[in-house]
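All remarks here apply to the structure that follows.
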Amino acid sequence: ADYPAALELARNAAIRFTQLGDGDNEGRALNSVGNALWRLGDFAGAQSHYETSLGLARKLGNLQREASVLNNLGNVAADQGHYPEAMRFYLESMEVATRAGDKEHAHTVLNNLGETYEKLGDLAEALESHLECQRQIPDSDHSAAALSKYNIGRLYRKLGDADNGLLHF
């Protein structure tokens, strides 16, 4: 939770990996720089670092990182209210994760898609995304399962189905 310290460490790591010519870990460090900047509210800085990390992931063929960074770019767009742009990033992230066979990533993107559909006012599509998210969560990820159940319950309540909402809460 100490994002200024995390930012400094990630920047130092990115510099070191660049000096070593380790593009894969440089990309991971740049993604971490982006994460810290995003949490600190520097959306332009986060986007810039994510885009550089994305370029490295694509150059090196690291599909899992590519999917992760695309999701992060979606988060930055969503936090700025650019929901159609966020949707494009999330959908591309899902497509890349599917190509990579990365099932762990799917539930994170589906949750983000659900939240974005909700902000766009499409509650039915939001619910479908969250229901699919619930199906994708590994049995061992209790935190993600709880968040998903909460989101599903909240959407059922908004849709006027309090009984289903209570079941999920």
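The values are calculated or read from the model by the stated rules, or taken from the named source; none is laboratory data. Bear in mind the structure is a predicted one, so any value in this text is a computation, not a measurement. Cβ sites come from the backbone with ideal geometry, for glycine too, and all protein chains shown count toward neighbours. Surface areas here come from the heavy atoms of the whole protein model, side chains and all, with no ligands, DNA or RNA. Shrake-Rupley method; radii C 1.70, N 1.55, O 1.52, S 1.80 Å.
Before moving on, here are some points about what is shown:
- Considering only Leu60, Leu91, Leu113, the mean-square fluctuation computed in a Gaussian network model of the chain, springs between alpha carbons under 10 angstrom, is largest for Leu60.
- Relative contact order for the chain: 12 percent, from Cα pairs under 8 Å spaced at least 6 residues apart, divided by residue count.
- For the range 1-88, carbon and sulfur atoms together expose 50% of the accessible surface, with a 1.4 angstrom probe and every protein chain in place.
- Convex hull of the range 114-158 built on C-alpha atoms - directionally averaged projected area, nm²: 2.7
- Shape analysis of the chain based on the Cα gyration tensor places the equivalent ellipsoid semi-axes at 32, 16, 15 Å, largest first.
- Accessible area per residue in Å² at 1.4 Å probe, computed on the chain: 53
- Cα centroid of the range 63-83 to Cα centroid of the range 127-169, whole Å: 22
- Evaluated at q = 0.17 Å⁻¹: base-10 log I(q)/I(0), Debye formula over Cα of the range 80-165: -0.68
- In nm, spacing of pseudo-spin labels at Ser143 and Arg16 (7 Å Cα→C-beta vector): 2.5
- Taking all Cα pairs closer than 8 Å and separated by 6 or more residues, the relative contact order of the range 58-132 comes to 27 percent.
- Ranking Ala126, Leu9, Tyr83 by Cα position along the charge dipole of the chain, where only Lys, Arg, Asp and Glu carry charges on their C-beta atoms, puts Leu9 farthest toward the positive end.
- Nearest-20 debye value, the range 108-165 charge dipole, Cβ charges on Lys, Arg, Asp, Glu: 180
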